[in-house]
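Colleague: A single structure is presented below for examination.
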Amino acid sequence: MLTVNAIAATSATDPLVRTTIERRDLGPRDVLIEIRYAGICHSDIHTVRGEWGEVPYPLTVGHEIVGVVAEIGAEVTRHALGDRVGVGCMVNSCRDCDNCQAGLEQYCLAGNVGTYSSIDRDGTVTQGGYSTHVVVDEAFVLRVPEAIPYEAAAPLLCAGITTYSPLAHWNAGPGRKVAVVGMGGLGHMAVKIAAAMGAEVTVLSQTLSKKDDGLAFGASAYYATSDEDTFKALRNSFDLIINTVSAPVDMRAYLGLLRLDGTLVSVGAPPEPLQVPVFALFGQRRSFAGSNIGGIAETQEMLDFCAEHGVAPEVEVIGAESVNEAYERVLKSDVRYRFVIDIDSLR
């Protein structure tokens, strides 16, 4: 076992603390990654605060991981020493079910193995990327293109793929009108990616405080949802709506913005159930759907797409000592638009 420095949550209420955790010995198809940067995702906060269920404390979170290959197992063929690599929200799956065979490991029928707070193949609890090193099966390690800086690549492994996957699946592109609800960590990536795909993008945010950013990121229009006239003006307007907020919204109002055969996809995950009025779906044959990250092949596709089109998240790099403050700022929406931890500060 390898002992490495890390940051961990010890309870739902106490601050995260510096500690050490154990990484498994390298197996024949494993890759040891020296982590350079780890993104902070709202999912990390939901998890450590017990908002999504029971937590196996102490727990190190973080599923936006980038670094360098430091060691490889004897049978590894996909990666070599010194490669720029990343790890996202999952580190294994059954690989045998229909979904895994189709390259949709995120929908593994046996349940994929999450990067943290899951049971790993050796029976231990997986620990995430707020640490100096991680050991991952080569099949779940991504190649990070040279065109993307390490610190910018980290949020792509969750925020990037979480928004890219539904945009690709529901055919965002030229001639399609896409609305993005929320302009946070997920929302700003949805705007950038949808615009790079060629879609006409509108941002729907509570206020106009980030309007200049939204337009700079590629949106052609920006509306405040706190203004009731917004929902009247935009009724029956969009082919696709990506809802990125992690709080309840008025589903009737948002579904009313869809045109015939339009789809509203939720990628944000509020702790409370969403109330979906069925009659709001009937009139224009509208659909409501959810989407959960992407498979390994699609995640690599997303990284390559972002490198080709110059798409990268807006990040604020912090040291390990600032993680608790960063959590509080995320909850206040006081970040533009994603915190990334410089893991050198943990060494």
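The values are calculated or read from the model by the stated rules, or taken from the named source; none is laboratory data. Please read all numbers here as calculations on a predicted model, not as lab measurements. Virtual Cβ from ideal backbone geometry, glycine too; neighbours counted across all protein chains shown.
Colleague: Look through region 79-127, keep the residues that are acidic (Asp, Glu) and surrounded by fewer than 20 Cβ atoms within 10 Å (Cβ to Cβ), and return whichever of them is farthest from VAL55 (Cα to Cα).
Modeller: We begin by selecting, within region 79-127, every residue acidic (Asp, Glu); these are 83, 96, 98, 105, 120, 122.
Filter once more, keeping what is surrounded by fewer than 20 Cβ atoms within 10 Å (Cβ to Cβ): 83, 96, 98, 120, 122.
Working: ASP83: 33, ASP96: 28, ASP98: 30, ASP120: 15, ASP122: 19 Å.
Among them, the one singled out is ASP83.
Colleague: So, one more: Taking region 24-65 as the search range and keeping residues that are under 21 Å from LEU142 (Cα atoms), among the hydrophobic types (A, V, I, L, M, F, W, C) and touching a Leu at 6+ places or on another chain (Cβ under 7 Å), which one is surrounded by the most Cβ atoms within 10 Å (Cβ to Cβ)?
Modeller: The selected residue is ILE65.
Colleague: What single numbered condition from (1) outside any loop (DSSP other than H, G, I, E, B); (2) without any contact (Cβ under 8 Å) to a residue 40 or more places away in the chain; (3) farther than 19 Å from TYR164 by Cα fails to hold for GLY262?
Modeller: Just one mismatch for GLY262, condition (3).
Colleague: Right, another one. Within region 159-170, identify whether any single residue is touching a residue at least 40 places away in the same chain (Cβ under 8 Å) and outside any helix (DSSP H, G or I), and answer yes or no. Break it down into steps so the answer makes sense when it comes.
Modeller: Quick first cut of region 159-170, residues touching a residue at least 40 places away in the same chain (Cβ under 8 Å) only: 159-170.
Then keep just the ones that are outside any helix (DSSP H, G or I); that gives 170.
Scanning region 159-170 turns up at least one residue that is touching a residue at least 40 places away in the same chain (Cβ under 8 Å) and outside any helix (DSSP H, G or I).
Colleague: Report yes if THR202 is surrounded by fewer than 18 Cβ atoms within 10 Å (Cβ to Cβ), among the hydroxyl-bearing types (Ser, Thr, Tyr), not assigned by TED's automatic domain parsing to the domain that holds TYR337 and not in a loop (DSSP other than H, G, I, E, B), otherwise no. Before you say what the answer is, go through the steps one by one.
Modeller: Working: surrounded by fewer than 18 Cβ atoms within 10 Å (Cβ to Cβ): no; among the hydroxyl-bearing types (Ser, Thr, Tyr): yes; not assigned by TED's automatic domain parsing to the domain that holds TYR337: yes; not in a loop (DSSP other than H, G, I, E, B): yes.
It is false that THR202 is surrounded by fewer than 18 Cβ atoms within 10 Å (Cβ to Cβ), among the hydroxyl-bearing types (Ser, Thr, Tyr), not assigned by TED's automatic domain parsing to the domain that holds TYR337 and not in a loop (DSSP other than H, G, I, E, B).
Colleague: I'm told VAL69 meets every condition in (1) crowded, with 16+ Cβ neighbours inside 10 Å; (2) modelled with pLDDT under 95; (3) not polar (S, T, N, Q) except one. Can you identify the failing condition by its number?
Modeller: (2)
Colleague: Can you pull out the residues in region 1-23 that are over 14 Å from ARG347 (Cα atoms), in contact with a strand residue (DSSP E or B) (Cβ under 8 Å, 6 or more places away or on another chain) and loosely packed, with under 15 Cβ neighbours inside 10 Å?
Modeller: MET1, THR10, VAL17, GLU22
Colleague: Going through region 70-94 one residue at a time, which ones are free of Cβ contacts under 8 Å to residues at least 60 places away in the same chain and under 26 Å from ALA38 (Cβ atoms)? Working first, answer last.
Modeller: Going through region 70-94, the residues free of Cβ contacts under 8 Å to residues at least 60 places away in the same chain turn out to be 71, 74-75, 80-82, 85, 91-94.
Scanning region 70-94 gives GLU71, ALA80, LEU81, GLY82, VAL85, VAL91, ASN92, SER93.
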